[in-house]
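See structure below.
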Amino acid sequence: MKIEGSVAVVTGGNRGFGRHLVTRLVERGAKVYAAARRPEAVDVPGAVPLRLDITDPASVREAAAVATDATLLINNAGIFTSTSLIDGDVGDIRREMETHYFGTLDVTRAFAPIIEANGGGAILNVLSVLS
């Protein structure tokens, strides 16, 4: 996929690996929506801050309504509670599943039709050992 001229949405785009992806995509000529629960934390010059909490379906719909020009989605947002799957708090385990599985699924389902309507593109899921 050609990056220059593409329009990317990067979830978790305000820090860590997501911020790195946003920076590199902007440098390579993409328009980049840096999606984050706290968009005011996005500090990459040239990036477009986008409010998005992937665990909130209304937030996902609102972000998709803003980024209607997307051709690339990078599902990068995640959490780490360091909860043991054997004897850890089930609420923490559910939070991780809501984020890593259902949140990523909701974002993908919201943006796949947009990407298709814009002539196609790509969806990249960034996975950790938690996945």
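The values are calculated or read from the model by the stated rules, or taken from the named source; none is laboratory data. These figures come from a predicted structure and were not determined experimentally. Backbone-built Cβ (ideal geometry, glycine too); neighbour counts: all protein chains shown.
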Next item on the list: Go through the residues of the stretch 105-126 one by one and say whether even a single one is within 20 Å of V22 (Cα to Cα), modelled with pLDDT of 95 or more and hydroxyl-bearing (S, T, Y).
Entry: yes
Notebook entry, point to check: In this structure, is A41 within 10 Å of the chain's Cα centre (by Cα) and farther than 15 Å from L124 by Cβ?
Noted result: no
Next item on the list: Could you tell me whether I123 is of a type outside the set (D, E, K, R), within 23 Å of G5 (Cα to Cα) and not in a loop (DSSP other than H, G, I, E, B)?
Entry: yes
Next item on the list: Name the strands (runs of 3 or more DSSP E) wholly inside the stretch 12-92 in which the number of residues that are small (G, A, S) is 3 or more.
Entry: 31-36
Next item on the list: For the stretch 25-37, indicate whether the set of residues that are without any contact (Cβ under 8 Å) to a residue 60 or more places away in the chain, closer than 14 Å to V107 by Cα and either basic (K, R) or loosely packed, with under 14 Cβ neighbours inside 10 Å (or both) is non-empty.
Entry: yes
Notebook entry, point to check: Tell me, which residue of the stretch 75-96 that is β-branched (V, I, T) and farther than 19 Å from F17 by Cα is nearest to the chain's Cα centre (by Cα)?
Noted result: I93
Notebook entry, point to check: Is it true that some residue in the stretch 103-111 is touching a residue at least 12 places away in the same chain (Cβ under 8 Å) and in contact with a Pro (Cβ under 7 Å, 6 or more places away or on another chain)?
Noted result: yes
Check: Which one is surrounded by the fewest Cβ atoms within 10 Å (Cβ to Cβ), of the residues in the stretch 70-104 that are farther than 15 Å from G12 by Cβ and in contact with an Asp or Glu (Cβ under 8 Å, 6 or more places away or on another chain)?
Finding: T81
